[in-house]
1. Residues 94, 125, 103, 147: which one is assigned to a helix (DSSP H, G or I) and in contact (Cβ under 8 Å) with a residue 60 or more places away in the chain?
2. Quick one: is residue 11 crowded, with 16+ Cβ neighbours inside 10 Å, within 14 Å of the chain's Cα centre (by Cα) and outside the structural domain of residue 129 (by TED's automatic domain parsing)?
3. Looking only at the range 28-82, count every residue that is hydrophobic (A, V, I, L, M, F, W, C) and free of Cβ contacts under 8 Å to residues at least 24 places away in the same chain and tell me the total.
4. Of everything in the range 23-61, what is surrounded by fewer than 12 Cβ atoms within 10 Å (Cβ to Cβ) and not polar (S, T, N, Q)? Give them in sequence order.
5. Count, please, the residues in the range 119-131 that happen to be closer than 16 Å to residue 24 by Cα and buried (at least 21 other Cβ atoms within 10 Å of the Cβ).
6. Restricting attention to the range 78-85, does a residue exist that is under 21 Å from residue 114 (Cα atoms), hydrophobic (A, V, I, L, M, F, W, C) and loosely packed, with under 15 Cβ neighbours inside 10 Å?
7. Quick check on this structure: which one of 71, 54 is farther than 30 Å from residue 147 by Cβ, in a loop (DSSP other than H, G, I, E, B), hydrophobic (A, V, I, L, M, F, W, C) and not assigned by TED's automatic domain parsing to the domain that holds residue 143?
8. Does residue 136 count as farther than 17 Å from residue 43 by Cβ, among the small types (Gly, Ala, Ser) and modelled with pLDDT of 95 or more?
Amino acid sequence: MSFTEHFDAYACEGDAISCEAKGFIVTARIVADDCLDAPDQRQDGFWPSLYKDAPGFIGPGNSFRQRFAVAQAKAEAVMEAWRKSEWFYCGIVLSVERDGIELDRHAASLWGVECNYPGTDNSYLTTVANELLPEALDAGRAAASRLAATVTGWAAT
């Protein structure tokens, strides 16, 4: 059981993919992360460093200055793309329904995921959705059980 649909190589907030799993319809959607911190504020070691005790240390060895220059250029390109709003952090949020009834709108999620990150094809978004699928199915089963107990209890009175 997994998502056979994939998020597009260029994705937007609200884009969604769905699959059927164990009698449930599970939808994974992209939700903009409400933390607006820039990548270098969110990630220790975002900027490369030549200092061994600093986050972002590129490691010793031959050509360390060349590796530093390449890493620095990449970090600068990522920050420039961020400033131009070419990519953003998001959450992948899974909802679960059965027989047209939404059982859990937020059955599972992962936040701080890069969407449209430079040099990627967004395939990671689908990977995240697949990794969250078992948790979403557990939430769907639990919600279905609660609903069945409520309806049974209601019908009995």
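1. Values: 94 fails: assigned to a helix (DSSP H, G or I); 103 fails: assigned to a helix (DSSP H, G or I); 147 fails: in contact (Cβ under 8 Å) with a residue 60 or more places away in the chain.
The unique qualifying residue is 125.
2. Details: crowded, with 16+ Cβ neighbours inside 10 Å: yes; within 14 Å of the chain's Cα centre (by Cα): yes; outside the structural domain of residue 129 (by TED's automatic domain parsing): yes.
It is true that residue 11 is crowded, with 16+ Cβ neighbours inside 10 Å, within 14 Å of the chain's Cα centre (by Cα) and outside the structural domain of residue 129 (by TED's automatic domain parsing).
3. Here is the first cut: in the range 28-82, the ones hydrophobic (A, V, I, L, M, F, W, C) are 28, 30-32, 35-36, 38, 46-47, 50, 54, 57-58, 64, 68-71, 73, 75, 77-79, 81-82.
Okay, now just the ones that are also free of Cβ contacts under 8 Å to residues at least 24 places away in the same chain, so 36, 50, 54, 57-58, 64, 68-71, 73.
Number of matching residues: 11.
4. Of the range 23-61, the ones surrounded by fewer than 12 Cβ atoms within 10 Å (Cβ to Cβ) are 23, 34-37, 41, 44, 51-53, 59-61.
Across the range 23-61, the qualifying residues are 23, 34, 35, 36, 37, 44, 51, 52, 53, 59, 60, 61.
5. Looking only at that region, the number is 1.
6. no
7. Working: 71 fails: in a loop (DSSP other than H, G, I, E, B).
Result: 54 is the single residue among 71, 54 that is farther than 30 Å from residue 147 by Cβ, in a loop (DSSP other than H, G, I, E, B), hydrophobic (A, V, I, L, M, F, W, C) and not assigned by TED's automatic domain parsing to the domain that holds residue 143.
8. Values: farther than 17 Å from residue 43 by Cβ: yes; among the small types (Gly, Ala, Ser): yes; modelled with pLDDT of 95 or more: yes.
Yes.
The values are calculated or read from the model by the stated rules, or taken from the named source; none is laboratory data. Computed from a prediction, not measured in an experiment: that's the story for all the values here. Please note: Cβ atoms are built from the backbone with ideal geometry, for glycine as well, and neighbour counts cover all protein chains shown.
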